[in-house]
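One structure below.
Values quoted throughout were computed directly from the atomic coordinates according to the rules given, and no laboratory measurement underlies them. This is a predicted model, so every value here is computed, not measured. A quick note on method: Cβ atoms are made from the backbone with ideal geometry, for glycine too, and the neighbour counts reach across all protein chains shown.
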Amino acid sequence: MNYNTDNKTDTIYQPTIYQYANIIIDISHESVDKTFQYRIPEHLLGQITAGQQVYIPFGAGSHKRKGYVVELTNQAEYDISKIKKIDSLVEGSITAQSQLIHLAWWMKERYGSTMNQALKTVLPVKQKVREAPKRKIHLLVDALTLEAAIQTAERKKYKARLRLLYALKENPDLPYENTLHKLNLTAAAIRPLEQEGLLAVQVVNQYRNPLEEMRRLLTDDSKAQWKPPVLNKDQQRIAANICEKYDNGDRKPCLIHGITGSGKTEVYMELISHVIRAGKQVILLIPEISLTWQTVMRFYLRFGDRVSVLNSRMSAGERFDQYERARTGDIDIIIGPRSALFVPFERLGMLIIDEEHENSYKSELSPRYDAREVARKRGEMEGAMLVLGSATPSLETYTRAVRGEYDLYKLTRRAKADAVLPTVEIADLREELKAGNRSIFSERLKELLEDRLEKGEQAMLFINRRGYATFVSCRSCGEAVKCPHCDVTLTYHKDGRMMCHYCGYTIRQPKTCPSCGSPYIAPFGTGTQKIEEMATKMFPKARILRMDLDTTSKKGGHQQILSAFARGEADILIGTQMIVKGHDFPKVTLVGALAADLSLYASDYRCSEETFDLLTQAAGRAGRGKNPGEVVIQTYAPDNYSIIAASHQDYDEFFEQEIVYRKLMGYPPVANMVSVLLQCSGESELEMATESVVQLIRKVKEQKYNELFVIGPADPPVSKINDIYRKIIYLKSDNRVHLIRLKDYLEYVINSSQNFKNINVQFDFKA
């Protein structure tokens, strides 16, 4: 295969005026993929943007129809002479859908995806899934007319009709199906009354409400007893300041940097209350589905049915209904992970991103968007304010705040007057081994666990690894059992399953080594399942819950485990990182980080930052009630600066050291970086395509951007996923615009050449 593209490297392709527009006739999610191409007339060149509504001639008769522009291009998809012209613009047609389409166009340009991929992201619900329509029997007449009808029915001995009329006398709105069953009626008994204008059978537009279970859990007494928390002076100051900014039309983004337990959520609620009083709507993003239950419970108590939730565990029908409720104004607040960013609010006033440092806000699928960047863009488009909050802000966000791009607000003490930061100890596992302790629990952690069990207090044990053991390997040849479709080892689970956590491939544990046939094959390492087993043996009387992807895979799994722990039905909660983020359990007075340095050894420049974040957040779960908390960080690297800073709960200490490292290495946020990920099912074809892209980059570097720094190509940490081979190239520059232009150029060459038709290329901006 020839990858020669020399003729295209002389100039950077930068189209400015688009000749054609791809248009969808119907905005319904079912029609997103069906586009029609139109020519942009001369008088509209440069005036049309993605998301605009236009009038177009459509069909054989060229009937005038409305359509949405979803993509602009200079490539005709078929014979130019047969492409019809756009008629005109639809004036004053800005809708939530048009805004989202424009946002999709921006994401496509920013992150290097196809427009179709971007549209499927911002309009994610593809299919209207509805329950069977619910009907009701509605009385249309006054009491006197009804009484007259009853007398007539008695006189004529219409027994069935009488039963219905008496029921309507008690309740003017009756459920259709239940009434027919209860009163032993047929449709024939109802029809004459409809014809006489006495009643009507109406369809009830009833949306599925994902908070029905929450309604059942909350008794009237608990609702009556609940009162909005009284904000302390720091919380009041920050809320008042941001509200004043909002009222004055100042939409500069805000960062609330508050220690764990400082009451950021209460500040969010105060801001939300202010915004919805002004007739606007709010999107609140949270990083994990596991956080939804506790967070939504607090918001539901305050805002009732004006709040709803959106996440991937909901059915397609439930998700569709929440989008419709948002679109029609039935709700004012939506809470959910990254995808909730795209709900079609017509009156968006504020976007809040809680725990903004979380990696889950970065999409792993094309477009590889950063929800923080997209939220900022949507806020700019719709005049909404962006508020970010975290105890451990990402270095990128905190740097923007330091530079003055964001307004910075700090909460330096816990919200509850009697709550203080926990005492943190570092347990050196090297010393534990020297002392003969080969358990996963240090002596100090065992001692504190026994103490908490005696006192009736709760503990949380955290390890960033699910399963029973890390991998299964052969003691004879040293080979580990790997996934045949991905370049990773299979994780062993207690039930004998071995699973790939990338593609889902599952097998039973082999009795002999697949490589050499040796029977000496066994699991190695420790996961959440094994910790649960060891804790059960060590503390047989303890009530233990485990929370990881295995135990929460079923719908409602997160909620069941967290609510049980909150009710005090367990003494110890064991889990992966999902248990250390944002939860508030007042009875938890001990947190153990069992393998604190696991994340330090990841092949990512952010590994120290992630370690600090996880440990700080984990420590923050302890001592949030009236009793003081203690934390034990177990590690083989007690001298690492991220672990030391986490033990001090000192973000500034960590930031000062980490930013020096980033400056030294030229990593974000000091410099801008983009990764170019190439994927293909053919390994040799991928090698050739990668080399061709590298040549293109080097020629552009020589001609245009001398400061560009190229790393690679190299294998990513996982070089094969689901039988797809992968290569990665890193590009660094002080000038982000140069990286964007280079991305645009590479996209143009790749999309224009048949040589790349089997190559999937994704661009991922790191800052």
Classified through the alpha carbon gyration tensor (a ≥ b ≥ c as square roots of its eigenvalues; rounded if a/c is under 1.5, else prolate when a/b is larger than b/c, else oblate), segment 138-194 comes out oblate
Highest mean packing first, using Cβ neighbours within 10 angstrom, the peptides 77-90, 301-314, 238-251 sort as 301-314, 238-251, 77-90
Scalar couplings 3J(HN,Hα) for segment 611-620 by Karplus 6.51 cos²θ - 1.76 cosθ + 1.60 (θ = phi - 60°), nearest whole Hz, x for Gly and Pro, are 4, 4, 4, 4, 5, 5, 5, 4, 4, x
Under 19 Å from K511, Cα to Cα: lysines that are on another chain or at least 8 residues apart | K482, K494
To the nearest 20 debye, segment 212-411 has a Cα-centred charge dipole, built from +1 on Lys and Arg Cβ and -1 on Asp and Glu Cβ, of 260 debye
How large is the helix-only mean residue ellipticity at 222 nm for the chain, computed as the sum of -39500 (n - 2.57) over DSSP H runs with n ≥ 4, divided by its residue count, in deg cm²/dmol to the nearest 500?
-> -10500 deg cm²/dmol
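Of the listed peptides 338-346, 137-145, 647-655, what is their order by residue-averaged count of other C-beta atoms within 10 Å, with the highest listed first?
338-346, 647-655, 137-145
What are the equivalent ellipsoid semi-axes of segment 672-765, built from the alpha-carbon gyration tensor (square roots of five times its eigenvalues), in whole angstrom, biggest first?
Numbers: eigenvalues 97, 42, 23 Å².
So the three semi-axes of segment 672-765 are 22, 15, 11 Å.
Rounded to two decimals, what ratio of Rg to Rh does the chain give with C-alpha atoms and a Kirkwood Rh? Don't jump to the answer; show the numbers that get you there.
Numbers: Rg = 30.2 Å, Rh = 29.8 Å.
That ratio equals 1.01.
Do any of K362/K757; K252/K410; K743/K766; K233/K377; K34/K120 go past 24 Å between their Cα atoms, and which? Don't jump to the answer; show the numbers that get you there.
On the way: K362/K757 27 Å; K252/K410 17 Å; K743/K766 13 Å; K233/K377 32 Å; K34/K120 12 Å.
With Cα atoms farther than 24 Å apart: K362/K757; K233/K377.
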In whole percent, what relative contact order does segment 672-765 give with Cα contacts below 8 Å and a gap of six or more residues?
-> 47 percent
By per-residue mean of other Cβ atoms within 10 Å, what is the highest-first order of 495-501, 593-599, 152-158?
-> 593-599, 495-501, 152-158
Name every cysteine in the chain that ends up alone, with no second cysteine's Cβ under 4.7 Å, or say none.
-> C243, C254, C503, C607, C680
